[in-house]
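Chemist: Below is the structure I would like to discuss, written out as structure tokens.
Nothing in this text is a laboratory measurement; each read-out follows from the coordinates by a stated rule. Being a predicted model, the structure only gives us computed values, none of them experimental. Note: ideal-geometry Cβ built from the backbone for every residue, glycine included; neighbour counts use all protein chains shown.
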Amino acid sequence: ETGVTQSPTHLIKTRGQQVTLRCSSQSGHNTVSWYQQALGQGPQFIFQYYREEENGRGNFPPRFSGLQFPNYSSELNVNALELDDSALYLCASGRAPDTQYFGPGTRLTVL
Amino acid sequence: GESVGLHLPTLSVQEGDNSIINCAYSNSASDYFIWYKQESGKGPQFIIDIRSNMDKRQGQRVTVLLNKTVKHLSLQIAATQPGDSAVYFCAERQTDSSYKLIFGSGTRLLVRP
């Protein structure tokens, strides 16, 4: 087990709605990254937080936002959901610059 | 552009044989590489990593080889077992201020009994 948990496991939303996904890391992990994985593809980097500040961002629009909290938890927020946002959302955490470990993911379906 | 790609989308091997999964990367400045295993419905699971100052690293039944000259990475699995059936991703880490990983599209490993 990686010690990284995510909630919920599955979620169904409709276009235009907003969603918040959550991740809980191990104690001592100072970085958390979020990835989007479409079916049949590799994970795509959304953004990373290091010591509660955004520390890098991929090619995702501003309606994808996040937070990292002092208690080793974090959130991914997506506003104005689109059909193409349907994917597996993965959280990865670690102690920089060492290996990041992934959680089980949240499967988001947008109808 | 930056990318990590795999040569074979699907690899089928006989149980007990050795498996070799290959990966090409494009950014010669990447300093760290990781292999992940992903089973259906689960998140990627760390298998083994290697830093750019190394050519080879061994784990339990797995070996990663790094050839920086041709920007090639491979994962060797010894005595492949049915539990090894999964999708395997290589990932490279950029050497910028973030620790983001660039993944390829993955190789599916099928183990025949």
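Chemist: Take residues that are under 18 Å from A:Arg107 (Cβ atoms) and of a type in the set (A, V, I, L, M) and tell me which of the strands (runs of 3 or more DSSP E) falling wholly in segment A:6-84 contain 1 or more.
Modeler: Details: elements: A:10-13, A:19-24, A:31-37, A:44-50, A:53-57, A:64-68, A:73-78.
So the answer is A:10-13, A:19-24, A:44-50, A:73-78.
Chemist: Exactly one of these conditions fails for B:Asp31: (1) more than 11 Å from chain A (Cβ to nearest Cβ); (2) surrounded by fewer than 14 Cβ atoms within 10 Å (Cβ to Cβ). Give me its number.
Modeler: That leaves (1) as the condition not met.
Chemist: Please count how many residues of segment B:40-88 are farther than 27 Å from A:Gln44 by Cβ and of a type in the set (Val, Ile, Thr).
Modeler: 3
Chemist: Grab the strands (runs of 3 or more DSSP E) fully contained in segment B:1-95, keeping just those with 3 or more residues being touching a helix residue (DSSP H, G or I) at 6+ places or on another chain (Cβ under 9 Å) and of a type in the set (A, V, I, L, M, F, W, C). If you could, list the steps in order and put the result at the bottom.
Modeler: On the way: elements: B:10-14, B:19-25, B:32-38, B:45-51, B:56-58, B:62-67, B:72-77, B:86-93.
No strands (runs of 3 or more DSSP E) qualify here.
Chemist: Okay, moving on. Can you tell me which residue is nearest to the other protein chains (Cβ to nearest Cβ) among those in segment B:66-113 that are free of Cβ contacts under 8 Å to residues at least 12 places away in the same chain and among the charged types (D, E, K, R)?
Modeler: Across segment B:66-113, the extreme among qualifying residues is B:Lys100.
Chemist: Right, here's the next one. Of all residues in segment A:25-45, how many are of a type in the set (A, V, I, L, M, F, W, C), surrounded by 16 or more Cβ atoms within 10 Å (Cβ to Cβ) and either more than 18 Å from B:Gln94 (Cα to Cα) or more than 9 Å from every other protein chain (Cβ to nearest Cβ) (or both)? It would help to see each step written out before you state the result.
Modeler: Within segment A:25-45, the first condition is being of a type in the set (A, V, I, L, M, F, W, C), and the residues that meet it are A:32, A:34, A:38-39, A:45.
If we keep only those that are surrounded by 16 or more Cβ atoms within 10 Å (Cβ to Cβ) too, we end up with A:32, A:34, A:45.
Then keep just the ones that are either more than 18 Å from B:Gln94 (Cα to Cα) or more than 9 Å from every other protein chain (Cβ to nearest Cβ) (or both); that gives A:32, A:34.
Total meeting the criteria: 2.
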